[in-house]
1. Identify all residues within the stretch 345-395 that are β-branched (V, I, T) and crowded, with 24+ Cβ neighbours inside 10 Å; write none if there are none.
2. Tell me the residue from Q24, Q40, Q36 that is away from the ligand (no atom under 16 Å from the Cβ) and either at pLDDT below 95 or under 19 Å from H209 (Cα atoms) (or both), please.
3. Being more than 22 Å from the chain's Cα centre (by Cα) and assigned to a loop (DSSP other than H, G, I, E, B) is the filter; apply it to the stretch 154-169 and report the residue that is surrounded by the most Cβ atoms within 10 Å (Cβ to Cβ).
4. Restricting the search to the stretch 19-57, which residues are basic (K, R) and without any contact (Cβ under 8 Å) to a residue 40 or more places away in the chain?
5. From the set of residues in the stretch 225-237 that are touching a Ser or Thr at 6+ places or on another chain (Cβ under 6 Å) and outside any helix (DSSP H, G or I), which is nearest to the ligand (Cβ to nearest atom)?
6. Being over 21 Å from P280 (Cα atoms) and assigned to a strand (DSSP E or B) narrows it down to one of V172, V219, so name that one.
7. Within the stretch 354-370, work out how many residues are away from the ligand (no atom under 16 Å from the Cβ) and either closer than 30 Å to Q305 by Cα or in contact with a Phe, Trp or Tyr (Cβ under 8 Å, 6 or more places away or on another chain) (or both).
8. Test each condition in (1) surrounded by 18 or more Cβ atoms within 10 Å (Cβ to Cβ); (2) within 16 Å of the ligand (Cβ to nearest atom) for S70 and report the one that comes out false.
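The values are calculated or read from the model by the stated rules, or taken from the named source; none is laboratory data. As the structure is a computational prediction, the values presented were derived from the model and not from experiment. Here the Cβ positions follow ideal geometry from the backbone for every residue, glycine too, while neighbour counts run over all protein chains shown. Accessible surface is based on the protein model in full, side chains and every heavy atom, while ligands, DNA and RNA are left aside. Shrake-Rupley method; radii C 1.70, N 1.55, O 1.52, S 1.80 Å.
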Amino acid sequence: TAQLLPESLRSDFPILAEHVHGDQPLVFLDSAASSQRPLQVMNVVRDVYVRGYANVHRGIHVMSERATDSYEEARRKLQKFLGAKFDHEVIFTPGTTASINTVARSWGNANVGAGDEILLNPMEHHSNLVPWFQLAERTGAVVKHIPLTDDGRLDLSQLDSVLTERTKVLAVTHVSNTLGTVNPVAELARRAHAVGAVIVVDAAQSAPHLATNVVELDVDFLALSGHKMCGPSGVGILYGKESLLEAMPPFLGGGSMIGQVTLDGFTSAGLPAKFEAGTPPIAQAIGLGAAVDYLQSIGLERIAQHEHVLVEYAYEKLSAIEGLTILGPAPEHRAGLVSFVLTQPHAHDIAQLLDQRGIAVRAGHHCTQPLHDSLGITASTRASFYLYSTLAEVDALAAGLSEIAGMFRPTGRRRRRRKVEE
Ligand code: PMP
C-alpha cells in the first residue's frame, strides 16, 4: 500500500490551517483527546439538517423516513467497519463512557454477584475503571488487576494468578491513552473465555487508528467514541455479541426501547432499539458513518503505518532531549502518541509554553490517575498524532521542548556552584 502523505489531506481539515496567538501556525497534537474532522464529515452533518432531518423511527412522513434511512445506513457502515456479524449488534450511544456504563449496569447487574471477580489493570482510563468499581460496590464483587511491566505493558506472565474461575469480566483498553501501549486483545479474549469470563474492550484509542475486527478478535463487547475518529462528538458505539445483548435487560428506560407499555409495566423492544432509549444523536450518528467512509477511503492500515512512522520519529527526537523521560514502551509496542515528563518544568507549564508556540498538547493525568500514581508522578504531557499529523509538526514539538527544557536547566555556573556546595 502506498504511503499516506498527510500534506495531501490537510485541506480536508481547514482548522489545521488556523493561526493562534497572533501568527503562530497551529500544530495540533491533541487528537487522542478529540480528533479534528474533515469537511466530508461536516458536509454530511450539514446535509442532514438541510435536507433530511426529523426524528427517527417515528413519523410516517418523508423527512422521518429520510433520517431513519440515513441513521440505519450509518449503523451498517459501523457494522462493516467493525466486522460485526449483524447490524443490530451495533448500538449507538453518546460515546465510550456511556457504552461501558451500559455493559457494567445491564450485563453486570445480571451476571456479577458477591465474590465474583472483575479483572482490570492500572493503565485503564477512568471510564473503564469507575463503572466497574460501581458494579463491585453494588454487588460485592472483587476487583483485581493485571500487573504492568516496567515498560508499561500488561504483564501476561502474571495473568494466571489474577484470571481465575471466579473472574466474570475482563475489561481492557486496546490502546492506552497515556502510555500508547497496544494490548494483545485477541490473546486476552482467548484467555478470558477459557475461564468463562467475558471481555469488554475499550477501543476509544484503537478504533480510530488500527483496523478493528470484533469477530477476529473474538471480543464480547467493544466501545468507541466518534469524536476521536473524525466524527462528531456526542455519539459512539457499543458493540456486543448478539446472544449477550439479547439476554441483557435494557439500561435506560423511555421511548423507543419498548415493545408495549401499560399502566403497570412494559416489554422491551428487540435489538438494537432496546438499548437506544429516547431520541438518539441522529445527525451525529450519520456523521460517524461519514467518518468511517472517510477513514476507509484512506485505509486503516495506511493510517496505522503513518502514525507508526510519526511515533518512531517522535520517540527518537524526544529521547534525545536532556531531562525528558518518555512514559510507556518502545515504539514497536505502541500506537501514535507519546506522553512524557521533564525534570523541570511541570506538565501544565510545558503545555502552556508549547501553546504559546502554537503547539496543542494535553497535560494532566489524562483520566489515568492510578497509572500516574503507580509511576510516582501526578501529571504528564501528551502529544498525540493522527492521519493529518506531519513529521514537521514533530520537529516543531521537539524544538519547542528542547527550548523549554533549556530554559529550566540550571546554567553551567549555577550547576558548578551547586557541586561545590555539595
Ligand atoms: N477510554 C479511553 C482509552 C479514552 O482515551 C477515552 C477518552 N479520553 C475514553 C475512554 C472516554 O471516551 P469518551 O469521553 O468519549 O466517553
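1. I350, I359, V361, T368, T381, V394 - these are the residues of the stretch 345-395 that are β-branched (V, I, T) and crowded, with 24+ Cβ neighbours inside 10 Å.
2. Answer to the check: Q40.
3. L163
4. Of everything in the stretch 19-57, those that are basic (K, R) and without any contact (Cβ under 8 Å) to a residue 40 or more places away in the chain turn out to be R46, R51.
5. Looking at residues that are touching a Ser or Thr at 6+ places or on another chain (Cβ under 6 Å) and outside any helix (DSSP H, G or I), I get S225.
6. Within the list V172, V219, the selection yields V172.
7. Within the stretch 354-370, residues that are away from the ligand (no atom under 16 Å from the Cβ) and either closer than 30 Å to Q305 by Cα or in contact with a Phe, Trp or Tyr (Cβ under 8 Å, 6 or more places away or on another chain) (or both) number 5.
8. So the condition that S70 fails would be (2).
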